[in-house]
Amino acid sequence: MLIKSNSIVQNCFHCGDECSNINIVQDEHYFCCEGCKMVYGILNKTGLCNYYQLNNNPGITQKIQIRKDKFSFLDDNSIVEKLINFTNGKQTNCMLYLPQMHCSSCLWLLENIHRINNGIIACRVNFQNKEAFVTFDNNITTYRNVVETFTSIGYEPHISLHNFSGKVSTKHDKKSLYKLGIAGFCFANIMMMSLPEYFSLSTGFTALTFRYVTLLLSLPVIFYCATDFFVIAWQGLRKGYLNIDAPIALAIAITFCRSLYEIFFENGNGYFDSMSGIVFLMLLGRMLQQRTYRSISFDRDFTSFFPIAINVKRNTDFIPVPIGEIKKDDTILVYDNEIIPADAIIIKGKASIDYSFVSGESLPVQKQMGEIVYAGGKQLGEKIELLVVKDVAQSYLTSLWNKDVFKNKKIQHPYIDIISKYFTLALFVLCFIAAGFWLVKGEYKLMWNTITTVLIVACPCALLLAATFTNGNAVRILSRNKFYIRHPNVIEDLAKINHIVFDKTGTLTQNKKINVQWKGRLLSDTEMNEVAALLSQSNHPLSKIVLSYLNINVDNAINHFKNHIGLGIEGWINEKHIMIGSATFVKAENITNNNASKLFVKLDNEIVGVFEIVNVYRIGLNKILFKLKTKFAISVISGDNDAEKNNLQNMLGFSNKIFFNKKPHEKLEFIRHLQNENKYNVLMIGDGLNDAGALKQSNVGIAVTEGNNNFSPASDAILDASVFSKLPNFLSFTQSTKTIVYSSFVVSVLYNIIGLFFALQGTLSPVVAAVLMPASSISIILLTYGMSSIMAKKYKL
């Protein structure tokens, strides 16, 4: 092992990172960088240091400094107008997405941010969605100043091209909420006014008044709240498909019409309470299903990854220009940690491009002047000037996203629809046979009683509610455990999975974490400084990783430095010849090979050891894969090199396949091959844009996202990386939901058989049928909720 200093390790008071320089101090607090110290200074000056008392080290590291003119594009009113929610000229409302938000300290600080910028009137935080709703005074501050205020304390808002392209409409969500509220109000009042009639407590004018009031209350239920059931049923019939909304719509219509007949011709109360109850319960179930989908964005594309503007050369100056206005032959300026928006050629500076999110390569790629770089890569290091060779719309990244697989939506046929098709046909056949029987006998009243009671008592509401509430509760349980499902139908698709395909970089491995090990003889402090000095002269990503690991301030002069491209580096320090590079470069071919990337160190003529650089796998990965491979076929397909092949093969077993150096379109074709040739139901798990096509093609696509990551590709589900170890439990739980639904079906069918036995004979009163229908539905809801909660405890969710 290497020699390490015996000095006490100090952790940053702001973010908790280890302090490599113990000279950055303020108020007897140590900081890892000047950025963290600056944030502390701002909070201390404004009396906001309670931030540090709520949680230990609550901040985000500020080692990457934000340049002062980064948000200069927000001085353009035409851009700001598309980002704000509302303005009356005096006050402006806007929503900022803050991916750094993670604890109660964040919540407290953000809601007190007006003490830092007195132009901010209020800041209301949605912690779950990591959103801040800000109101500011236009006479005191500006949108740019507000954004810079959040950035100055470590909460840089994520402002992307996706935000700029238009706001998401909430009109549909509000409409659904209005329907649910109106249905609930009418149902409660109709039920209240129907009870005296059921128990013969109201007569004469009072009873007549109650009947007509319930009729009036039922009108918005059937003509507004229930419209979705009629529309979906009609759409299915037009396509020749009998979906489960068809008998529900028919039951609602028959119940309403029979109630009108009862009121006007039979001097009865009707069954408006049952009709409104059906509508309310169905709307409630569907509203619960949509909760998770509304709170998380599953349909992100590459525009979510791009900034709004980039610095473009106009005459002799660089000015911010919206991404959409970049043209071929424009000269653009890209700074450290910024995204390259279009395919371009380097005309000034040295590029170190991180393509991990686009291609899956785990290490940055070094590029020189005259070489081409592709859209989606992130520049690491000095600023570079680029000459655009393709418009944004024609770049490699855009062409990847424009593949046909992204234009076609997945067609899902839930098994509930398949069952309901036969259930509905059987129900209609029984109904017409019974009606025909009583018609032949001349019992017209019994005929109508039979039609009404059969459709009410055998209405598949309980059948649909079993699936609706089971899947809805499953979605709630999974999202509580940081596994977010796009739609309840995805639960059904997960239950059918028999082959899992993993990406490697950022999925099986921890994002941006690399482990360095030294294998060799003990190095003295002097030797360590000499090695670090030579490494500091190299721009190769492996050299930078090892230099960061050594964490040494270099103060040695280097003579005769040489960089042998693809092999290694050498130089003279303190009259000592040092070589660092591949085994071939230092002539160490006889050293045993393994899965790590290596940098051998040679001091004069002695090979003193080797730095091994390996990816850090997810905690407990071996155990996770062991559990999964007993139930599923597993494949790993990666855009990275094959350095980790032996490691992964040992974990997976030799019956499962592993592929490396695969392009995004090759991943997509592999998934398609598994589906078409091997007839597998495929689950794809990935994290980057290079996985987007495969995620879309698969039967179910899960995007793994780090807690502070502000982008994940389009997917059917989003899995927080912190709970990756629970993946086997999640899959087992989703498979159990099918058993729960089938159990509920059995209970529902038994209820229907008993109800139909009396209804077909014409001996069941419509009133009794109307009472039994909601009672059955409620019992199914309680049953499915209880069983799914029990299964969640079984799988420790």
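Coupling constants for the range 606-620 follow from the phi torsions by the Karplus curve (6.51 cos²θ - 1.76 cosθ + 1.60, θ = phi - 60°), and in residue order they are 10, 7, 8, x, 8, 8, 9, 10, 10, 5, 9, 6, 4, 4, x Hz; glycine and proline get x. Label sites at Asn85 and Glu111, each approximated as a point 7 angstrom past Cα along Cα to Cβ, lie 1.6 nm apart. Taking all protein chains as shown and a probe of 1.4 angstrom, Trp438 keeps an accessible surface of around 40 Å². Sorting Ile433, Ile232 by solvent-accessible area of protein heavy atoms yields Ile433, Ile232, largest first, with a 1.4 Å probe. If you take all other residues with their beta carbon under 10 Å from the beta carbon of Ile580, and give Lys and Arg +1 and Asp and Glu -1, the sum is 0.
The modelled label-to-label distance between Leu567 and Ile753, using points 7 Å beyond Cα along the C-beta direction, is 8.3 nm.
For the range 29-70, what is the convex hull (Cα atoms) projected area averaged across all directions, in square nanometres? Can you show the working numbers first?
Details: hull surface 13.8 nm².
Directional mean of the projected Cα hull area for the range 29-70 stands at 3.4 nm².
Between the listed residues Ala467, Asn515, Val546, the Cα displaced farthest toward the positive end of the dipole of the range 462-576, a dipole computed from Cβ unit charges relative to the Cα centre, is found at Ala467. Please give the residues of the range 615-629, grouped as numeric ranges, whose backbone N is less than 18 Å from a label point set 7 Å along the Cα-to-Cβ vector of Ser732. The answer is 620-629, whose backbone nitrogens lie closer than 18 Å to the label point. Per-atom-type breakdown for the range 504-585 gives carbon and sulfur 47% of the accessible area (1.4 Å probe, protein chains only). Residues Glu338, Glu382, sorted by accessible area with the largest first, give Glu382, Glu338 [1.4 Å probe; ligands and nucleic acids excluded]. Here is the link list: Lys327/Lys348; Lys629/Lys726; Lys175/Lys239. Which ones come out longer than 24 Å on Cα distance? As for pairs spanning more than 24 Å Cα to Cα, those are Lys175/Lys239.
For Gly609, the amide hydrogen comes within under 5 Å of the amide hydrogens of Val601, counting only partners 5 or more places away or on other chains and with H modelled in the peptide plane.
Surface exposure of the range 538-677, expressed per residue as accessible area with a 1.4 Å probe, stands at 53 Å².
Between Asn515 and Trp234, the FRET efficiency estimated from the beta carbon spacing at R0 = 51 angstrom works out to 0.25. Ranking His114, Tyr52, Phe136 by how far each Cα lies toward the positive end of the dipole of the range 43-138 (charges on Cβ) leaves Tyr52 at the top. A simple spin-label model places the labels of Lys645 and Phe432 6.5 nm from each other, with each point 7 Å out along Cα-to-Cβ. Computed over the range 1-142, the percent of Cα pairs more than 24 Å apart is 42. Rolling a 1.4 Å probe over the protein chains gives Ser20 an accessible area of about 70 Å².
Amide H contacts of Thr509: Arg618, each under 5 Å away and 5 or more positions distant or on a separate chain (H built 1.01 Å from N in the peptide plane; Pro and chain starts excluded).
With the charge dipole of the range 621-673 set up from +1 on Lys and Arg Cβ and -1 on Asp and Glu Cβ about the Cα centre, the Cα lying farthest toward the positive end among the listed residues Ala643, Asn661, Phe626 is that of Phe626. Taking all protein chains as shown and a probe of 1.4 angstrom, Trp234 keeps an accessible surface of around 150 Å².
The local environment of Asn681, defined by Cβ-Cβ distances under 9 Å, has a net charge of +1 under the rule Lys, Arg +1 and Asp, Glu -1.
The values are calculated or read from the model by the stated rules, or taken from the named source; none is laboratory data. As the structure is a prediction and not an experimental result, all values here were calculated from the model. Heads up, the Cβs are rebuilt from the backbone with ideal geometry, glycines too, and the neighbour counts pull from every protein chain shown. To get the accessible areas, we keep the full protein, side chains included, count just its heavy atoms, and leave off ligands, DNA and RNA. Shrake-Rupley method; radii C 1.70, N 1.55, O 1.52, S 1.80 Å.
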